[in-house]
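Pasting a structure below so you can have a look.
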Amino acid sequence: MQQRRVGTTGLTVSRLGLGTMTWGRDTDEHEARDQMIAFAEAGGTLVDTAAGYGNGASEELVGSLIGDVVARDEVVLATKAGIRARHGAREYNTSRGHLLGTLDASLERLGVDHVDLWQVHIWSDETPLEETLSALDDAVRSGRASYVGISNYTGWQTGQAATWQRVVPGRTPLASTQVEYSLLNRGIEHEVLPAARALGLGVLPWSPLGRGVLTGKYRTGTPSDSRAASNHFSGFVNPYLDERSAGIVEAVARAADGLGWSTLEVALVWVRDRLGVTAPIVGARTAAQLRGALGVEDLTLPPEITAALDDVSAD
């Protein structure tokens, strides 16, 4: 698999990342092992998790496979802090103390002394930005993180955070931003992508398959084993089961038929090759699904197909 630099840093990652949001909950240890093996065999290096995924279960499962399935120095290990589930509700906390405490817990669950990329999972108005960013500086200075980034920041938030880190002496520049991006959600093209390019940040899109909708699995209904049929993911998928999304999925399906590809391949290659994108994060429930995504390495969309998809999915 081809490797790409993360923004203007010296960090390089595979141009597809392995997402582990469902690990430890919907994806058990056997499927996770098979996924990690398939990903490593395909030349994948970027493995992304978060302290908030399954309240740490994802990190524990990832940690159990490092050194067993794949060597530590063969993966770029990324995790996030700032979101957790508490008393049945999602809680945001980007205070310096909470972030650094979360990082220590993440390192313990992962069984490593540092992560390659540590990201603030969410913006919060409850904590001054300079305090949040100071946690990133401390993580790098202490050797607990090699690079740092942000996630789910708007354009102005991205610009403010990245500029603060660049102009204040002694600060650690941001390496990346992780944001949702797909043919069903192109909102980051207006401000986030231009800000990232101008400030030297790599872009790691999450849900590049439109929360699974762009695979085409919902074209004729909701499969019983799909995320839309589950209690904890139905609200996540349902916003993309509308008329506009259905029209885009049909356009992707027509392109796939003409190329002899799957709809997944068309949608994923479109995101992977967008200007400014470093590596889409692909999360799969099974190893078979992941292998379908890993098969895009040698695929490139014809320019006329890209242009047609741009037109039909324009905001």
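The values are calculated or read from the model by the stated rules, or taken from the named source; none is laboratory data. Computed from a predicted model, the values in this text were never measured in an experiment. We place every Cβ from the backbone using ideal geometry, glycine too, and count neighbours over all the protein chains shown.
With surrounded by 24 or more Cβ atoms within 10 Å (Cβ to Cβ) and more than 15 Å from the chain's Cα centre (by Cα) as the only criterion, which of Val115, Val69 stands out?
Result: Val115 is the single residue among Val115, Val69 that is surrounded by 24 or more Cβ atoms within 10 Å (Cβ to Cβ) and more than 15 Å from the chain's Cα centre (by Cα).
Could you check the range 86-117 and list, in sequence order, the residues that are of a type in the set (Val, Ile, Thr) and either outside any loop (DSSP other than H, G, I, E, B) or touching a residue at least 60 places away in the same chain (Cβ under 8 Å) (or both)?
Across the range 86-117, the qualifying residues are Thr102, Val115.
Test Leu136 against the stated conditions and say whether it is in contact with a strand residue (DSSP E or B) (Cβ under 6 Å, 6 or more places away or on another chain), of a type in the set (A, V, I, L, M), in a helix (DSSP H, G or I) and crowded, with 23+ Cβ neighbours inside 10 Å.
In short, yes.
State yes or no: is Asp125 in a loop (DSSP other than H, G, I, E, B) and surrounded by fewer than 16 Cβ atoms within 10 Å (Cβ to Cβ)?
yes
Only one residue in Gly17, Gly43, Gly82 is at positive phi and either hydrophobic (A, V, I, L, M, F, W, C) or within 16 Å of the chain's Cα centre (by Cα) (or both). Which one?
One residue alone meets the criteria, Gly82.
Run Asp125 past the list (1) closer than 24 Å to Leu11 by Cα; (2) of a type in the set (Asp, Glu); (3) over 16 Å from the mean Cα position of the chain (by Cα) and report the number of the one that doesn't hold.
(1)
Collect the residues in the range 142-152 that are surrounded by 14 or more Cβ atoms within 10 Å (Cβ to Cβ) and either small (Gly, Ala, Ser) or more than 24 Å from Leu107 (Cα to Cα) (or both), keeping them in residue-number order.
Within the range 142-152, Ala145, Ser146, Gly149, Ser151 qualify.
How about the range 140-159: which of its residues are part of a helix (DSSP H, G or I), without any contact (Cβ under 8 Å) to a residue 40 or more places away in the chain and within 17 Å of His121 (Cβ to Cβ)?
Correct list: Gln157 only.
Write out, first by first residue and then by second, each pair whose Cβ atoms fall under 6 Å of each other, whose residues are 6+ apart or on separate chains, and whose first residue, in the range 63-80, is part of a strand (DSSP E or B) and modelled with pLDDT of 95 or more while the second is buried (at least 18 other Cβ atoms within 10 Å of the Cβ) and among the small types (Gly, Ala, Ser).
So the pair list comes out as Val70/Ala40; Thr79/Ala50; Thr79/Ser106; Lys80/Ala50; Lys80/Ser151.
Quick check: is even one residue across the range 183-201 surrounded by fewer than 24 Cβ atoms within 10 Å (Cβ to Cβ) and part of a strand (DSSP E or B)?
Yes: the range 183-201 contains one or more residues that are surrounded by fewer than 24 Cβ atoms within 10 Å (Cβ to Cβ) and part of a strand (DSSP E or B).
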